[in-house]
1. When you scan region 409-434, how many residues do you find that are open to solvent by 10 Å² or more (accessible area, probe 1.4 Å) and either touching a strand residue (DSSP E or B) at 6+ places or on another chain (Cβ under 7 Å) or not charged (D, E, K, R) (or both)?
2. Among all residue pairs at least 6 apart or on different chains, which show Cβ distances below 8 Å where the first residue, located in region 237-254, is free of Cβ contacts under 8 Å to residues at least 40 places away in the same chain and closer than 23 Å to ASP206 by Cα and the second is of a type in the set (D, E, K, R) and crowded, with 24+ Cβ neighbours inside 10 Å?
3. From GLU40, GLU35, GLU24, which residue is charged (D, E, K, R), buried (at least 17 other Cβ atoms within 10 Å of the Cβ), under 27 Å from PRO72 (Cα atoms) and touching a Leu at 6+ places or on another chain (Cβ under 7 Å)?
4. Could you list all residues from region 161-174 that are in a loop (DSSP other than H, G, I, E, B) and surrounded by 18 or more Cβ atoms within 10 Å (Cβ to Cβ)?
5. Only one of these is closer than 16 Å to SER175 by Cβ and of a type in the set (Gly, Ala, Ser): SER101, SER158, SER138. Name it.
6. Here are some residues: SER404, SER469, SER414. Which one is more than 30 Å from PRO367 (Cβ to Cβ) and in contact (Cβ under 8 Å) with a residue 40 or more places away in the chain?
7. Given the condition free of Cβ contacts under 8 Å to residues at least 12 places away in the same chain, part of a loop (DSSP other than H, G, I, E, B) and surrounded by fewer than 13 Cβ atoms within 10 Å (Cβ to Cβ), answer yes or no: does some residue in region 390-398 qualify?
8. Consider only pairs whose beta carbons are under 9 Å apart and that are at least six residues apart or on different chains; among these, list those whose first residue lies in region 23-51 and is on the phi < 0 side of the Ramachandran plot and part of a loop (DSSP other than H, G, I, E, B) and whose second residue is crowded, with 20+ Cβ neighbours inside 10 Å and β-branched (Val, Ile, Thr).
Amino acid sequence: MAKEINEMLKEIAALETEGEYEKEFDLLSEAMKTEPDNYEIFYMLGRWYFFRNPDMAYLCFEQALFYLKKLPSFPISDLRMIQKDIDDLLAGNSLSVNDLSIVIVSYNDFEIMIENLEAIRKYTDSAHTEVIVVDNASTDGVSEWLEAQNDIIFIETSKNYGFPVACNIGAAACSSGNDLLFLNNDAVLTQNALFFLRMALYSSHDTGMVSGVSNNVTAQTIDVPDKSLAACQKFGALNNVPMRNALEIRQRLTGFALLIKFYALEEAITEFRYSSNDIDRDIIFDERFSPAYFEDDDLGLRVSQAGFREYLVHNAFIYHKGGEGFDSENITMINSRSKFTEKWGFDMWSYELFSDEIIDMIERNEPDHEKAFTVLEVFSGLGATLSRIKWLYPCSWTAGIELSPLLAGIARFSADKVICDNILSGLKKDSPKELPLPKHFFKYIIIDFDAFDDEAASYLKKLLTDYLSPEGIFLQ
């Protein structure tokens, strides 16, 4: 293994010298699959990002130092070399990377809580990371075990406050200025998952929140051959590597593992409240959704509304045990869904998932995922289908038309162009409506004509036909 990785490192260095940067990136990915804790790989990845994104380069050098210092012995010259590059980045005054606070809400589930903390200890650098655990009045002995852990900040509540309140209590104990990772107690980091979450968070200045893929998370599940914890740890080590097109735009992310930039938190916080348990706290998760459900949807919309991008990070795989929910009849979920609809004016379940049928139709027509083509979705909602298309086909050009200014504003990053327009306003007029889009341009226009009466469907088909390319088709 050592000989193989050394040969790969020599080839990576040669590719950098020759300016073969894309080949270098791909080989760095293969090398990390071979040896995911090799500090030289992370150092070279940092050099790859050095002039592309200083924040991401800094994170690579930080990870290189983390793995270097875990070795029983190492060349002091390598430590000085990495530290010099870090100093050069810091001297440039261009870095915006924050340290990290991990907030975990604990409620029973003793065994998986142990796995959760052990993974954090194994895969995170305590020099830049603090862990806050809020126990919601557990009854299985986990609170006593947590109290004995001397490397965490432990907060024990007098009763079960539910997830949103406990998260806010934990966040209040975090060091000021830190980014926050809200991690479920039954979620377990795999190797380098948190590193690539942080890389995604700093991929652009306007990225505000990210989450990873998993074996068991609504709308973020990927195929895993074996869903046991041990198998998922092995899968994660192979999956969590430099990856082309790793980031998929989302407008909401599931709360099992949410990493939020400090600056986005400042914009997303809605109010300041005094609690009955004598803890002042900012309202990050809206506490009307206690004990659970839809608090993550609500936060995601607020982060998007504040002007930040959200990404599902495909090279950050995190194990999630999952459970049966708060009650067998789903009363808690029904109540929170109703509260969400009352707050936002729409039912999130109508917009949060992309259309499998539309995606399947496009993939049948477009087997080459590097191909460029154009797509327009009419009544695009939160843009879930458009953002999925954009991730699957990075060279595509996508656009959406949405009636609601609220939805269009939240979804503005879901496509190359999102327009707020009442497309039906020309239905009763003599002159056809003009859309701010090029005519005869779109290969695919997504619209469900069956959702309208005959008059409206006929009008929409006539209007939109002018925007289809000669070979274009409607998808519904």
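The values are calculated or read from the model by the stated rules, or taken from the named source; none is laboratory data. This is a predicted model, so every value here is computed, not measured. Cβ sites come from the backbone with ideal geometry, for glycine too, and all protein chains shown count toward neighbours. Areas reflect the complete protein model, heavy atoms only, side chains present, ligands, DNA and RNA absent. Shrake-Rupley method; radii C 1.70, N 1.55, O 1.52, S 1.80 Å.
1. The qualifying residues number 16.
2. Qualifying pairs under 8 Å: none.
3. Numbers: GLU35 fails: touching a Leu at 6+ places or on another chain (Cβ under 7 Å); GLU24 fails: under 27 Å from PRO72 (Cα atoms).
None of the other options fit; the residue is GLU40.
4. TYR161, GLY162, CYS174
5. Values: SER158 fails: closer than 16 Å to SER175 by Cβ; SER138 fails: closer than 16 Å to SER175 by Cβ.
Unique residue meeting the criteria: SER101.
6. Answer to the check: SER404.
7. Within region 390-398, not a single residue is free of Cβ contacts under 8 Å to residues at least 12 places away in the same chain, part of a loop (DSSP other than H, G, I, E, B) and surrounded by fewer than 13 Cβ atoms within 10 Å (Cβ to Cβ).
8. GLU35/ILE41; PRO36/VAL241
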